[in-house]
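Have a look at the structure below before the remarks.
The values are calculated or read from the model by the stated rules, or taken from the named source; none is laboratory data. What you are looking at is a predicted structure, and each value in this text was computed from that prediction instead of being measured. Positions of Cβ are backbone-derived with ideal geometry, glycine not excepted, and every protein chain shown enters the neighbour counts. These accessible areas exclude ligands, DNA and RNA; they are computed on the full protein's heavy atoms, side chains included. Shrake-Rupley method; radii C 1.70, N 1.55, O 1.52, S 1.80 Å.
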Amino acid sequence: MFTIQAAVTIVTAGLAVNLFGFTNNPIIWSIVITLVSALWLVIGRYKMLDKLMKLIIITLAISSIAAVLIALVDNDKTFYFAQTIPKGSVEIAFLIAFLGWMPAPLDIATWHSLWTIEKRKDNVQNFDTKQALFDFNIGYITTIFLGICFMALGALVMFHSSEEISSGSVAFAKQLINLYTVNLGEKSGILIGIAAFTTMFSTTLTTLDASPRAMAKTTQLIFNKKIKNTYTLWVMLLAIGTIIILKYFATSMLTMVKIATILSFLTAPFYAIANLTLINGKHTPAQARPSKIMVFWSYLGIVFLIGFSIWYLSSLF
C-alpha cells in the first residue's frame, strides 16, 4: 500500500507543479497533497469523500470527453487495429503493469465492500444488495470508459510523437501537456491538465482512504475487537510512510509506477481466489451467491491471472 500511494502521489505532484506553480519541487507538492488528503479524510470520513468524489468524477468526465472530441476532430491520421503480441521483456513488463491498474486493481473489490458498509450506515432504509451492485457497476463502467478515453488520447496524440517520455514526474507532466498543446492547441492543454490532475488526485485520495480502511478492518479481525481510532492511525501511518518513501527512496516516477502496478497484478490471483471463496462460502447467503456460469467465468479469470503472472515472472529469467 505504501508503494501504490507513493506512485499515485508523485504523479499527482508533477501535474500540480505544471498546473499551479507555487514550487517546482514535486516532493513539497507530494507532502502538501498527502497532508491535505489525510486531513480531509480524518475530519470528514466517508461522507465528505463520497461528496467530493462525485464532484471530481463529473469534472473528470467532462474534461476527458471534451479532450477526446477535440483530438478526433483535429486528427487526420490513419489507424490500424492489428493485434500485436508482446515478445520482449520490456513489452511484457509494460503489459503486466498496464493490466495491473486497468481499469482498476483487484483490491477494489475489498475497498468497495467497505465503502458499501459505510454508505449503508448513512442510508439503512434504502440501501440493499441490489443498490450496492448498481453502485459498483456504475463506478466500474465509468472507470472503463474514462480509461478508454485516456487510451484514445494517447493513440491520437502521443503515439505519433517521436519525443521520449521522461521518467521524472514534473518533466513528464510538462511533456504530456505540451504534446497536446502542440497538436491540438492551447485550450486542449488546459483540458488535459485538468483531466489528468483530477484523475490522479481522485486516485490519490481514494487509495489514501481505501488502504487504511482495509487495514483497520484487518486489525479488528485479527484482535477480534474494535480498536478506537484505528482508521485514523492507519491514515497517518500511510501518509508518513508515503512521504518518507518519496523523500528518501524514490528513484524515478516511472520506476515507482511500474513497481506499484506490477505488484498489483502479481497479487491479483490471491484477491480473485479469496473473493470467489468468500462469495461461495458460508458467510454469503445462498440467494446472493453467483450463478454457475459466473463461477465458471471466475475460474477462467483466475487461470488467466495466474497464467499471465507465471508468463511475466518466467520472462524475467
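Side notes on the structure shown:
- In the stretch 112-157, the portion of solvent-accessible area held by carbon and sulfur atoms comes to 64 percent [1.4 Å probe, whole percent, DNA, RNA and ligands not counted].
- Signed unit charges on C-beta, dipole axis of the stretch 102-229, positive-most listed residue T142, T219, T116: T219
- Take every pair of alpha-carbon atoms less than 8 Å apart whose residues are at least six positions apart; their mean separation over the length of the chain yields a relative contact order of 37 percent.
- Rounded accessible area of V303 (nearest 10 Å², 1.4 Å probe): 100
- The length gained on full extension between I273 and S314, counted as 0.36 nm times the residue separation minus their Cα-Cα distance, comes to 12.6 nm.
- For the stretch 99-197, the Cα-based Rg and Dmax, in that order, read 18.4, 57 Å.
- Signed unit charges on C-beta, dipole axis of the chain, positive-most listed residue T261, T206, Q83: T206
- Heavy-atom accessible surface of the stretch 161-317: percent carbon and sulfur, 1.4 Å: 69
- Solvent exposure of the chain as accessible area per residue, Å², 1.4 Å probe: 59
- When S161, S264 are compared by accessible area at a 1.4 angstrom probe, the order from most to least is S161, S264.
- Qualifying aspartates and glutamates (Cα of each under 19 Å from Cα of K54; at least 8 residues distant if same chain): E118, D122, D135, D209
- Put simply, the C-alpha atoms of the stretch 172-263 give a gyration tensor, and the ellipsoid matching it has half-axes of 36, 16, 10 Å, longest first.
- In terms of accessible area, using a 1.4 Å probe and ignoring ligands and nucleic acids, D122, D107 rank largest first as D122, D107.
- Rounded Å value of the spacing that divides the Cα centres of the stretch 81-136 and the stretch 45-80: 18
- Approximate spin-label separation A61-K225, in nm, with each point projected 7 Å along Cα-to-Cβ: 4.6
- Virtual spin-label span in nm between N280 and K51, 7 Å along Cα→Cβ: 4.3
- Evaluated over the chain, the Cα radius of gyration and Dmax, each in Å: 20.4, 62
- The chain: calculated mean residue ellipticity at 222 nm from DSSP helix runs of at least 4, using -39500 (n - 2.57): -26500 deg cm²/dmol
- Within the full protein context, the accessible area of M1 is estimated at about 60 Å² for a probe radius of 1.4 Å.
- Restraint check, K119/K174; K121/K258; K51/K217; K225/K258; K130/K292; K119/K282, Cα-Cα greater than 29 Å: K119/K174; K121/K258; K225/K258
- Backbone HN-Hα couplings from phi across the stretch 96-108 [Karplus 6.51/-1.76/1.60, Hz, Gly and Pro as x]: 5, 4, 5, 5, x, 10, 10, x, 6, x, 5, 4, 4
- Neighbour-limited loop hits for trypsin sites (Lys or Arg not before Pro), the stretch 175-262 (at most 12 other Cβ within 10 Å; DSSP other than H, G, I, E, B): K225, K226, K228
- Considering only GluC sites (Glu not before Pro) in DSSP loops that have at most 14 other Cβ atoms within 10 Å, the longest stretch of the chain without any of them is 1-162.
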